[in-house]
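Participant: Pasting in a structure now, in structure tokens, and then I'll have a few things to ask.
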Amino acid sequence: MPFEGEEVSIPSLYGNTLGLKPGQIRHLERLYRRRVPAREVVTPELARALTEVSSEIGRQVGLLINRRGIIEQVLVGSDREITIPSLTEHRIGRKRLRGLRLIHTHLKEELLTREDLTDLALLRLDLMVALSIRDGGLPSRVFVAHLLPPNPEGKVYETLAPVPLHDLHLDCEEFVRALEEELGRAASGVTVEEGRDRAILIGVGTGNRQALEESLEELQDLARSSRVEVLDAVVQRPQRFDPRTLMGIGKLREVIIRALQVGANLLIFDQELSPAQAKAITDLTELRVIDRTQLILDIFARRAHSRDGKVQVELAQLKYLLPRLTGKGTAMSRLMGGIGGRGPGEMKLEIDRRRVRERIARLEQQLRALSRGRYERRRLRVQRALPILSIVGYTNAGKSTLLNTLTKSETFTENLLFATLDTASRRLRFPREREAIITDTVGFLRHLPPDLVGAFRATLDELQDADLLIHVVDISHPRFEEQMGAVEKILGELELGRIPRLLVFNKIDRVDPQEVKALARRFEAVPVSALDPTTLGPLLAALEERVFFSHRQTR
């Protein structure tokens, strides 16, 4: 230990030391050199040194101690609270707890505060300990709290009964080891495939609750398409949005604590987060935070196989990323790790921005070149005088399955949202030796990201040459009418309203036949099951009538 008057410089002194005398600062810095046996929460000697300096400066003082008993940081607070610095160097990883306990002072005989207990839960500390101070700066009672595994009561933490310091008999090493094992056993009860993300979904809105829950159900389907295991879902209807964190800070902390309890590593917001909101939320947690747009972009990145599709997806991703390069290195890493890619380092920020802009310019140039190639292919089709039929519809409505059954082809199909991204064209033969080109397109979705619509506009431009749009609807979906409306809205935005369309109700095998008849009559739709070729006769007849007779005569 340094002699009185010797200068000490300890980098782990954290907090506002303005107004403190040099001697007081040296007393604080000397705390850093002490050690605690692994089995003890705090030694009487260290507790006394801590309460004495805290009483002298009139502020709370804290120590972050690791499991080897080494003091990592000395914290200086105000007379009412203490602020814990970023603990990103002590990542939780596969552990259930962070491996640090906080010992800090309370200037009065006060219980652990709500802020203390929130920090315990959010930061996953081994223990939260407070020492009260009696006259003369001596330690009085000790207050201890620890986390709890998931339990029927929904309790997150437990506070032990306060006792005088000399009556605290807690084997810290054994207690924390047993607690972490218990937390691990509770988390292992949730079966998740190795390597898959585990997420909590969050929906925030001022509309009616049913609409929010329906949108969250669709978000869950999107998560499944991206191989994300959904562990829980949260809906909040605030009177107004919090401009900083979208949802209230208190509710957000509850969600983060819940995520840590069930072993989630990802928060997915149903609403698009602004760059500032994403940063504010990631500042509160080490969990990765993404929004609906980023999840959709990840699905598109997984599903795109053609050159066109890959260029369009990368362009949309970069346009989404550019405004989110904010210069917060750790937050950006958490925002962009896993789904969506990795974030840049803080020192490379301007370089990365420039490179992203340059890459966007190159991709847009490639997209224009690819668009010219598509134009030439469309021109050849027109010269052959073959009618063009384009299948459109909500994602997962069965468009690709219908294409396969009609043309006896084998384009990729799967019961997932956005299973098909790349445009596929096939030759369709009618019974009377007539032929047409039939094209499958990317599925539509409510709240489709604007950048994604813009990036795929070049591909969707092929719809401009269609003689007929086949609007496929999953009639078995409980909200098929809303999905129909979403598709019509996007078709209007793409200025495709002038092209005739045929409404096709798919998946009739999942709906009562009488209900199918009533709905088909009401909406003037052709009912089919894309999996059953015997149901496609009326559809082929309707297509032949629309394309080769009534429509061709009016063009």
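The values are calculated or read from the model by the stated rules, or taken from the named source; none is laboratory data. Not measured: the values here are computed from a predicted model. Backbone-built Cβ (ideal geometry, glycine too); neighbour counts: all protein chains shown.
Participant: Does Leu295 qualify as being aliphatic (A, V, I, L, M) and closer than 27 Å to Leu117 by Cβ?
Facilitator: Values: aliphatic (A, V, I, L, M): yes; closer than 27 Å to Leu117 by Cβ: no.
Judged against the criteria, Leu295 is not a match.
Participant: Filter the stretch 213-239 for residues that are farther than 21 Å from Gly250 by Cα and either assigned to a loop (DSSP other than H, G, I, E, B) or of a type in the set (Phe, Trp, Tyr) (or both) and give the result.
Facilitator: Across the stretch 213-239, the qualifying residues are Ser226, Arg227.
Participant: Would it be correct to say that Ile82 is assigned to a loop (DSSP other than H, G, I, E, B) and under 23 Å from Arg124 (Cα atoms)? Let's see the steps before the verdict.
Facilitator: Working: assigned to a loop (DSSP other than H, G, I, E, B): yes; under 23 Å from Arg124 (Cα atoms): yes.
Yes, satisfied.
Participant: Still on this structure, please answer the following. For the stretch 108-212, which fully contained strands (runs of 3 or more DSSP E) count at least 1 residues that are in contact (Cβ under 8 Å) with a residue 60 or more places away in the chain?
Facilitator: Strands (runs of 3 or more DSSP E) meeting the threshold: 128-134, 138-147, 197-204.
Participant: Give me the pairs: first residue in the stretch 7-18 and over 16 Å from Glu72 (Cβ atoms), second residue at pLDDT below 85 and part of a loop (DSSP other than H, G, I, E, B), beta-carbon distance under 7 Å, and six or more apart or on different chains, which are they?
Facilitator: Filtered contacts from the stretch 7-18: Val8/Pro2.
Participant: While we're looking at this one, here's another question. Would you check which residues across the stretch 460-483 are in contact with a His (Cβ under 9 Å, 6 or more places away or on another chain) and at pLDDT 95 or above and list them?
Facilitator: So in the stretch 460-483, the residues in contact with a His (Cβ under 9 Å, 6 or more places away or on another chain) come out as 467-468, 483.
Listed by number, the list is empty, since nothing qualifies.
Participant: Of everything in the stretch 249-280, what is free of Cβ contacts under 8 Å to residues at least 40 places away in the same chain and either in a strand (DSSP E or B) or within 11 Å of the chain's Cα centre (by Cα) (or both)? Give them in sequence order.
Facilitator: Within the stretch 249-280, just Leu273 meets the criteria.
Participant: In the stretch 496-514, what count of residues is obtained for those that are without any contact (Cβ under 8 Å) to a residue 12 or more places away in the chain and part of a loop (DSSP other than H, G, I, E, B)? Working first, answer last.
Facilitator: Keep residues of the stretch 496-514 that are without any contact (Cβ under 8 Å) to a residue 12 or more places away in the chain, which gives 497-498, 512-514.
Subsequent filtering for residues that are part of a loop (DSSP other than H, G, I, E, B) retains 497-498, 512.
Selection size over the stretch 496-514: 3.
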